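Peer 1: Encoded as structure tokens, here's the structure I'll be asking about.
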Amino acid sequence: MKIMAAVAVCAAGVALLVLADWGLDPLTNFEYALSRKLHISLGKASMLFEGLTFFLFFFSNRKLVKFGSFAFCFGIGPCIDFWGYVFGFLEGQGGFAFRMSCLLLGSLLIILSFAYYIPLNYGLQSLDMYSVSIASLLKKQYGVGLTITYCTLILLAALLGVRPGVVTFVATFAYGAAIDGVRKLFKW
């Protein structure tokens, strides 16, 4: 249940970033690019990319894959579509204050969900499988691996025709450090 709560909170954060319409975190930006190319919903694109990542790591580095990995990789997409539907009536509403509120709350929810579920040790979400692997390879903290992973996803999204927005860069250079800081609040 703990991991499912993290999935739902993270998906709500993503849906709020979509509402802010100032760009998306790099993972979602890449998945958005996939959704446009494949003409499918953002949630389905998320499930496709994260599902492929799940199987890649399941067969190549199984120690990172547990039940939580499965729940995140295959649960976040449907949750994103659900929250997108719930928040749909707000689309196109409000001005600067509304959009800034969506950006801040969405970012906060994503940071809290990552900081909460990583220490649970129930396995990693796809983004974290890459981030932890890169950080371990470079003998650095998670935040460094996350930043490298984010930069790679920004490049891939750009190659698919989706430009980064303000949120994309804020997430790239601030989310990793914020998650490292907030993780200290969750002691399991």
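The values are calculated or read from the model by the stated rules, or taken from the named source; none is laboratory data. Since the model is a prediction, treat every value here as computed from it, not as a measurement. As a convention, Cβ positions derive from the backbone with ideal geometry for all residues, glycine included, and neighbour counts pool all protein chains shown. Only protein heavy atoms, including side chains, enter the accessible area calculation; ligands, DNA and RNA are left aside. Shrake-Rupley method; radii C 1.70, N 1.55, O 1.52, S 1.80 Å.
Peer 1: Could you count how many residues in the range 43-62 are free of Cβ contacts under 8 Å to residues at least 60 places away in the same chain, open to solvent by less than 70 Å² (accessible area, probe 1.4 Å) and either farther than 20 Å from Cys79 by Cβ or of a type in the set (Phe, Trp, Tyr) (or both)?
Peer 2: 1
Peer 1: Considering only the range 143-188, how many residues are open to solvent by 10 Å² or more (accessible area, probe 1.4 Å), assigned to a helix (DSSP H, G or I), of a type in the set (Phe, Trp, Tyr) and in contact (Cβ under 8 Å) with a residue 40 or more places away in the chain?
Peer 2: Number of matching residues: 1.
Yes or no, residue by residue, for (1) basic (Lys, Arg); (2) out of contact with any Pro (no Cβ under 8 Å at 6 or more places or on another chain); (3) modelled with pLDDT under 85; (4) under 18 Å from Tyr175 (Cα atoms):
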| site | (1), (2), (3), (4) |
| --- | --- |
| Tyr85 | no, yes, no, no |
| Leu108 | no, yes, no, yes |
| Ile111 | no, yes, no, yes |
| Ile118 | no, yes, yes, yes |
| Leu138 | no, yes, no, no |
| Gly143 | no, yes, yes, yes |
| Leu153 | no, no, no, yes |
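Peer 1: Among the numbered criteria (1) more than 21 Å from Leu17 (Cα to Cα); (2) open to solvent by less than 70 Å² (accessible area, probe 1.4 Å); (3) in a helix (DSSP H, G or I), which one does Ser136 miss?
Peer 2: (2)
Peer 1: Just need a number here: residues in the range 15-42 that are open to solvent by 30 Å² or more (accessible area, probe 1.4 Å), over 15 Å from the mean Cα position of the chain (by Cα) and not small (Gly, Ala, Ser).
Peer 2: Counting residues in the range 15-42 that are open to solvent by 30 Å² or more (accessible area, probe 1.4 Å), over 15 Å from the mean Cα position of the chain (by Cα) and not small (Gly, Ala, Ser) gives 7.
Peer 1: Right, something else. May I ask you to verify whether Leu124 is assigned to a loop (DSSP other than H, G, I, E, B) and open to solvent by less than 50 Å² (accessible area, probe 1.4 Å)?
Peer 2: Judged against the criteria, Leu124 is a match.
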